[in-house]
Amino acid sequence: MKGFIQYLLGTLLVCLSSSSIAARVAPLRGDTLALIPYPRQIRLGTKDFSLGTAPRIIVESGSDEDCFAASTLTDDYPSLAWHVKTRGRAARGTIALTRPGMDAKADERLQQAGLSVKASNEESYVLLTDSDRVILEAATDAGMFYAVQTLRQLLYEDSDGHMYIRAAAIADEPSLRYRWIQDDWNRGPIPNMDFVKKQIRIMSEYKLNGYCIYAENIFQSQKYPQINMRGATVTPSEVEELVAYGRRYHVEVVPQQECLGHMHYTLREGGFDDIAERPRGQVVSPAVERTYTFLNDYLSEILPHFESPFVHVGCDEAFELGMGRSRKMVEELGLDATFFRHMQRMASLPALKEKRILFWGDVAENKADIDLSSLPRNAIAVVWDYLARPNYEYYLPQYARNGVPTFVAPGSFWGGRVFPEYDAHLVNIQHLVRDGKKYGTLGMMCCTWDDMGEDLFDVGWYGVLFGAACAWQQEQETPIAPFHRAFDWAFYRNASGTQIADAIDSVSHVQTTLGQSIWYDWAYTIPFEDAGVGQQNLIQQSGKMEQLRATLASAYGALRKNESLARLHRSTYDAVLFDARRMEYVFTKASLAAGVSQRYDDYCNDEDAGRTINTAVYDLVMPQAGLIGSLRDFTMELKDWHRELWMRENRPYHWDIVQARYDHALEAWNAQDARLRQAFGSRPPREEIGLKFERMDC
């Protein structure tokens, strides 16, 4: 369908001292603070609030929800002697969480500062900090939770180790009501429960409020157990546990179950040929009544364990529609009308009664005059596109003209690249959310895809956070540069600059410089095998191989040197390191393969005549320091590291598929080593020992 870690330490490193998370004041000075998302209205003060060593928090409502929101702040700094009281009033030297009308003096101070909670937006909040006190006010649990998340980014430590809250007057509310991510659970990586909880916690910090699980056959079925795979089944109790966990963090867990295309894992099973558009294909047929019996049965098993009023039924990329059992239906009604009929049947299923039904909206792509009046009234089109386009006018206006509500779905990262292509991803998010706002979209669902079955989610937070900023912030088009400047502080609490974001951009930008996406298979292809010759030639012919190798080595080195600056969300950092290292490997592999070619030519030309040691032979066959041995060891490093990160983030299911790619590479290096050893003495032509790619000067 569309494009293609870490061990749970908690959202915060609670075992560390306060100084390990707090940082110096620099990101909180200047006209624009390093905050993600950026508040709708902010006015900076001059005298910051001193926390001292025993900060006092007053939770005026006394509610469990507001106490929990306060705990997300106090857990950041366990070494401080926090005093949290329920009831009471905002007083000098306190941090007060209050509701409109609950504390007359707090309301008066907020009014004097020109701050008021916006009654028309249930996630609205205001925040006032000065040298005397801190006041957070919201009308709802969600609003208060988001006020505290903003407050967390305003805390800093000065050069003497004293802790403060930046003085500011903030009034804030989201631009879009629904701000979701979608995580792909059906293409290989299935996250373990601890990792999903970490995802939910981090999402909530940046005011994302929905987590959509993409599924084809992973939800456990008692009626059709043959469609589930051992080790890849999500149980009702696991769903209920995640739903309850998300509720605490104001993150709605939303089911997505494909109900038209992408159904091969069901249709491959015996006994399902009668509902397949074509036997053993990808699409269930809308021309068969039992299709709807099956879909209703399966959805009836899934949906009772979710609380969300939304259900995503997929229905994209039904490429086989009209090619089999529905051929006559499509001939009579047309392809679009057949799709609309399927959606109507879906809406009438008892399992979907009173649900708001999301569906992938590609039926309307490039059809400016399409009539969408036959769609069910409770249907919401998810307008997806993961390419960086100037605009999405080919897609959105027809839904707006027909009065069909929409979500927009850009890609945070996707499609099995070695490293996310953020140059494109951020523009895609920026422009699609911008155009969604223009046409009145309900929300954003930023997608992650694992088409090649090996992506690590933790490398993708840079894109996820930019999606959060675009969906929350009020401007039509959210600028990228301020987000980049804020990322180090807002996500990692690095107060000394933008070293981490700069390194991420540098690794990603290699693909722009090369003019070519670096797909996952580039990490596994062997230049000495037919499958790798084309990529080796492409990299060599670019004229940028050594430049990009040096760039990636420098970026990886910067990430390594700056590890200590990641004071928050440290558990996500290793995935970024790994993917950066693997990008470096792609170009190192090409460079060393070119070196093998050159050394073999040197050997055949007897360049070392008269020397005691033939240096070309030495470089080619030394087990450890030789070129082939070096490639083998680099591959082994990545394999072991990838496995470690995978097991921290995911269930063991599918790892063997990824491991097999590494194992093939390790075997290939050994085979090439053997070919070279056999070549010494006889000097066969290059092509006979795997040197089929072009020569280049090294």
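State whether one or more residues within the stretch 653-667 are within 30 Å of ALA232 (Cβ to Cβ) and more than 29 Å from the chain's Cα centre (by Cα). Yes.
Mind listing just one residue for me: the one in the stretch 342-360 that is over 24 Å from TYR395 (Cβ atoms) and in contact with a strand residue (DSSP E or B) (Cβ under 8 Å, 6 or more places away or on another chain) and, of those, least open to solvent (accessible area, probe 1.4 Å)? Out of the qualifying residues, it is LEU352.
One residue is enough: does the stretch 371-394 have a residue meeting the conditions more than 20 Å from ARG179 (Cβ to Cβ), among the charged types (D, E, K, R), over 22 Å from the mean Cα position of the chain (by Cα) and not in a loop (DSSP other than H, G, I, E, B)? Taking every residue of the stretch 371-394 in turn, none turns out to be more than 20 Å from ARG179 (Cβ to Cβ), among the charged types (D, E, K, R), over 22 Å from the mean Cα position of the chain (by Cα) and not in a loop (DSSP other than H, G, I, E, B). Every condition in (1) of a type outside the set (Val, Ile, Thr); (2) open to solvent by 40 Å² or more (accessible area, probe 1.4 Å); (3) modelled with pLDDT of 95 or more is met by ALA119 except one, and the failing one is (3). Here ASN670 does not fit the description of being farther than 20 Å from GLY532 by Cβ and either open to solvent by 10 Å² or more (accessible area, probe 1.4 Å) or not aromatic (Phe, Trp, Tyr) (or both).
Would you call TYR224 at negative phi and crowded, with 23+ Cβ neighbours inside 10 Å? No. Once the stretch 223-273 is narrowed to residues that are among the aromatic types (Phe, Trp, Tyr) and under 21 Å from the mean Cα position of the chain (by Cα), the residue that is nearest to SER204 (Cα to Cα) is TYR249. With the structure loaded, tell me whether SER204 is in a loop (DSSP other than H, G, I, E, B) and out of contact with any Pro (no Cβ under 6 Å at 6 or more places or on another chain) or whether it fails that test. Criteria not met by SER204. In the stretch 387-410 there is at least one residue that is open to solvent by less than 10 Å² (accessible area, probe 1.4 Å) and in contact with a Lys or Arg (Cβ under 8 Å, 6 or more places away or on another chain).
Restricting attention to the stretch 451-500, the residues that are of a type outside the set (Val, Ile, Thr), open to solvent by 10 Å² or more (accessible area, probe 1.4 Å) and closer than 22 Å to VAL383 by Cβ add up to 6.
Residues that are assigned to a loop (DSSP other than H, G, I, E, B) and not aliphatic (A, V, I, L, M) were ranked within the stretch 524-539; the one that is surrounded by the most Cβ atoms within 10 Å (Cβ to Cβ) is PRO527. Are any residues in the stretch 404-427 over 18 Å from LEU176 (Cα atoms) and of a type in the set (Gly, Ala, Ser), and if so, which ones? Of everything in the stretch 404-427, those that are over 18 Å from LEU176 (Cα atoms) and of a type in the set (Gly, Ala, Ser) turn out to be GLY415, GLY416, ALA424. Given the condition under 19 Å from GLU65 (Cα atoms), open to solvent by less than 10 Å² (accessible area, probe 1.4 Å) and touching a Leu at 6+ places or on another chain (Cβ under 9 Å), answer yes or no: does some residue in the stretch 80-96 qualify? Within the stretch 80-96, one or more residues are under 19 Å from GLU65 (Cα atoms), open to solvent by less than 10 Å² (accessible area, probe 1.4 Å) and touching a Leu at 6+ places or on another chain (Cβ under 9 Å).
In this structure, is ARG560 modelled with pLDDT of 95 or more, charged (D, E, K, R) and either in contact with a helix residue (DSSP H, G or I) (Cβ under 7 Å, 6 or more places away or on another chain) or open to solvent by 10 Å² or more (accessible area, probe 1.4 Å) (or both)? Spelling it out, ARG560 is indeed modelled with pLDDT of 95 or more, charged (D, E, K, R) and either in contact with a helix residue (DSSP H, G or I) (Cβ under 7 Å, 6 or more places away or on another chain) or open to solvent by 10 Å² or more (accessible area, probe 1.4 Å) (or both).
Looking at the stretch 4-18, is at least one residue modelled with pLDDT under 90, under 30 Å from VAL459 (Cβ atoms) and outside any loop (DSSP other than H, G, I, E, B)? Yes: one or more hits. Being in contact with a helix residue (DSSP H, G or I) (Cβ under 8 Å, 6 or more places away or on another chain), assigned to a loop (DSSP other than H, G, I, E, B) and open to solvent by less than 10 Å² (accessible area, probe 1.4 Å) is a property that does not hold for LYS198. In summary, HIS664 fulfils each of the numbered conditions (1) more than 27 Å from VAL576 (Cβ to Cβ); (2) open to solvent by 50 Å² or more (accessible area, probe 1.4 Å) with the single exception of condition (1).
Has the stretch 425-434 got any residue that is open to solvent by less than 20 Å² (accessible area, probe 1.4 Å) and in a loop (DSSP other than H, G, I, E, B)? No: the stretch 425-434 contains no residue that is open to solvent by less than 20 Å² (accessible area, probe 1.4 Å) and in a loop (DSSP other than H, G, I, E, B). Please verify whether ILE500 is under 29 Å from LYS639 (Cα atoms), hydrophobic (A, V, I, L, M, F, W, C) and out of contact with any strand residue (DSSP E or B) (no Cβ under 9 Å at 6 or more places or on another chain), treating the condition exactly as stated. Against the criterion (under 29 Å from LYS639 (Cα atoms), hydrophobic (A, V, I, L, M, F, W, C) and out of contact with any strand residue (DSSP E or B) (no Cβ under 9 Å at 6 or more places or on another chain)), ILE500 qualifies. Among the residues of the stretch 673-696, those that are of a type in the set (Gly, Ala, Ser) and loosely packed, with under 14 Cβ neighbours inside 10 Å comprise ALA674, GLY681, SER682. Taking the stretch 540-628 as the region of interest, the helices (runs of 4 or more DSSP H) fully inside it that hold 3 or more residues being within 25 Å of the chain's Cα centre (by Cα) and aliphatic (A, V, I, L, M) are 545-561, 573-604. For the stretch 280-311, the candidate set comprises residues that are of a type in the set (S, T, N, Q) and over 14 Å from LEU260 (Cα atoms); within that set, the residue that is most open to solvent (accessible area, probe 1.4 Å) is SER300.
Just to verify a result, which residue in the stretch 156-171, among those that are outside any strand (DSSP E or B) and either at pLDDT below 95 or over 14 Å from ALA490 (Cβ atoms) (or both), is least open to solvent (accessible area, probe 1.4 Å)? Restricting to residues being outside any strand (DSSP E or B) and either at pLDDT below 95 or over 14 Å from ALA490 (Cβ atoms) (or both), the top hit is ALA167.
The values are calculated or read from the model by the stated rules, or taken from the named source; none is laboratory data. No experiment lies behind these values; they were computed from the predicted model shown. As a convention, Cβ positions derive from the backbone with ideal geometry for all residues, glycine included, and neighbour counts pool all protein chains shown. Remember, those area values only see protein heavy atoms, side chains included, never the ligands or the DNA or RNA. Shrake-Rupley method; radii C 1.70, N 1.55, O 1.52, S 1.80 Å.
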